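The values are calculated or read from the model by the stated rules, or taken from the named source; none is laboratory data. Small disclaimer: the values here were computed from a predicted structure and weren't measured. Glycine also receives a Cβ, built like all others from the backbone with ideal geometry; neighbour counts cover every protein chain displayed. These accessible areas exclude ligands, DNA and RNA; they are computed on the full protein's heavy atoms, side chains included. Shrake-Rupley method; radii C 1.70, N 1.55, O 1.52, S 1.80 Å.
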Amino acid sequence: MSIFWNEKIETMPVRDLQTLQMKKLKAQVAHVFENNPVYRSKFKKAGITPDDITTLTDIEKIPFSVKDELRAQYPIGLQCVPQEQVVRYHMSSGTTGKPICCGYTRQDLEIWTDMMARAFCAAGGGQKDIFQNAYGYGLFTGGLGFHYGAEKVGMSVIPTAAGNTSRQIMIMKDMKTTILGCTPSYAQLLGETLSREGCDVEHELFLRIGLFGAEPWTEELRDRMDKTLGLSAHGGGAFDHYGLTEMCGPGVATECQNRCGLHIWADHFLVEIIDPDSGEPVNPGEKGELVITTLSKQCTPFLRYRTRDITILHEELCECGRTHPRIEKIMGRSDDMLIIRGVNVFPSQIEYVLLQHMELAEPFQIIINKSGPLDRLLLKVEQRDTIPPLSRDDLQEILEAELKDSLQISVQVIVEAPNTLPRFEGKARRIIDNRS
Ligand code: ADP
Ligand code: ZN
């Protein structure tokens with residue numbers, strides 16, 4: 001079994017990769033300019049033409065694209081090919097507003113499937129694997145994206161889709177599933193159910209690889225899932241997988257077996273990291289907003305798309321042999337960041353503190369209320385039923401002290417009884433902001 005799907009491209013010398021990027025960038029810019037009036041007028045306003053783009057850094061002359069522009073052009077104002085070339089549409093899950101719609105030509109689908117196949121191989125998957133696909137099928141890109149990628153590799157795909165947890169577990173046991181794909185929230189719910197049912201995951205399950213994406217999750221959660229799903233017991237582990245509808249869906253960036261950042265496929269995507277406030281590039285190795293330009297897309301290409309996802313880019317070569325750069329685990333969306341009494345708080349910081357406590361179940365809820373001029377952060381957490389509990393008062397006191405220390409603001413904690421907070425089959429919705 002090869003660890004590469006497309007070894008030539010995945011290990012292409014960086015210099016050749018950049019030459020390829022330049023060639024494709026010019027073609028992509030010419031394509032949007034020739035075929036879409038919205039892009040033409042945008043170029044005109046910025047005082048540039050495709051001829052101004054002659055080096056990779058010239059990309060900075062092109063104005064950014066943002067999600068609101070996409071919404072304004074809903075549904076297909078940014079389409080760059082005639083209708084007869086479009087073979088599918090997907091829409092984003094609309095986590096932060098009205099959905100956006102992206103189309104695919106046949107070639108767009110082939111490239112997407114190829115990137116997904118690379119991801120499966122990078123995690124150690126191959127033809128002999130049984131892949132249970134518990135991502136949602138439908139408008140959401142997760143289901144079909146993973147499905148076709150796994151089929152391309154030649155795995156046996158079981159399209160369970162998300163939900164129906166007890167049937168999901170039955171199938172996992174009976175079919176001897178080796179790879180599971182789903183959101184990390186749903187992986188937690190599966191793990192929790194397996195523990196509650198007393199399943200001996202090492203002997204009753206065969207899960208080796210988890211491909212978890214579509215929302216942020218932490219290293220601490222990885223350790224838990226390696227164990228609760230029996231992944232490490234079978235010589236594998238949980239892998240992070242990043243994507244967004246605007247780029248294709250899943251398949252944009254993925255972890256290799258070194259699990260040291262997610263390789264972002266540079267033959268199809270050109271990456272920048274900017275300061276989200278100034279829009280200026282950050283220094284190498286600094287944290288900022290991920291901006292992506294598609295290099296191969298036909299139907300709905302994007303130039304300098306601001307993802308709002310916060311990460312760090314690493315260009316040093318990875319030991320796996322892949323030459324494509326890596327992004328660190330997404331730390332959150334810039335619009336996920338809560339500003340509480342002037343202090344920036346990411347939900348992942350809260351999750352980090354909570355995951356240090358085995359006596360807590362994974363679900364939590366962040367509620368922000370306004371009391372007079374002040375914002376108040378209320379955190380609901382849940383006791384785990386399988387661990388002898390600390391008293392709720394003790395737990396509350398400990399958590400409030402730890403959160404104050406870590407976030408630099410005071411947080412009121414409520415410890416709920418086991419199995420009372422909501423669970424999610426797709427992406428979690430953990431924040432309730434009552435301020436507006
Ligand atoms: P929506 O924006 O409506 O949720 P998408 O389904 O396209 O629609 O979601 C893409 C977004 O999901 C990304 O921009 C990112 O914020 C988040 N996301 C996807 N994969 C990951 C991941 N592995 N880690 C963190 N966030 C992720
Ligand atoms: Zn690697």
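Observations
- Mean Cα-pair separation over length for the stretch 186-345, i.e. relative contact order, pairs under 8 Å, 6 or more apart, %: 16 percent
- When K26, K329 are compared by accessible surface with a 1.4 Å probe, the order from highest to lowest is K26, K329.
- Charged neighbours of L25, selected by a Cβ distance under 14 Å, balance to 0 (K, R count +1; D, E count -1).
- Heavy-atom SASA rank of E246, E397, E220, E192 (probe 1.4 Å, accessible area, largest first): E397, E220, E192, E246
- For the residues K61, K44, a 1.4 Å probe over the protein chains yields an accessible-area ranking, largest first, of K44, K61.
- Each residue was assigned an accessible area with a 1.4 Å probe, and for T386 the value is about 90 Å².
- Accessible surface for M337 stands near 60 Å², nearest 10, in the context of the full protein assembly shown (1.4 Å probe).
- Dividing the C-alpha radius of gyration of the stretch 71-155 by 2.2 N^0.38 Å, with N its residue count, gives 1.23.
- Three-way shape label, the stretch 305-422, alpha-carbon gyration tensor, a/c 1.5: oblate
- Listed by chain and number, the aspartates and glutamates placed with their C-alpha closer than 19 angstrom to that of K67 are E215, E246, E272, D275, D277, E280, E289, D309, D335, D336; residues fewer than eight positions away on the same chain are left out.
- Full extension of the chain between K44 and K61 gives 4.9 nm of extra length, using 0.36 nm per residue less the Cα-Cα distance.
- Computed lengthening from D223 to E34, 0.36 nm per intervening residue step minus Cα-Cα distance: 63.1 nm
- R0 of 25 Å, Cβ-Cβ distance D385-D405: FRET efficiency to nearest 0.05: 0.35
- For the listed residue pairs K128/K227; K8/K297; K128/K176, the alpha carbons are over 18 angstrom apart in K128/K227; K8/K297.
- Relative contact order of the chain, pairs being alpha-carbon contacts under 8 Å that are 6 or more residues apart, as %: 14 percent
- Three-way shape label, the chain, alpha-carbon gyration tensor, a/c 1.5: oblate
- Residues in the stretch 294-323 that a label on R88 would reach, taking backbone N under 15 Å of a point 7 Å out along Cα→Cβ: 298-300
- Between helix 37-46 and the chain: long-axis angle, C-alpha atoms, 0 to 90°, nearest 10: 80 degrees
- Just the protein heavy atoms count here, and of the accessible area of the stretch 134-194 at 1.4 Å, carbon and sulfur take up 57 percent.
- Note on S166 and R259: with the Förster distance fixed at 30 Å, the Cβ-Cβ geometry gives a FRET efficiency of about 0.50.
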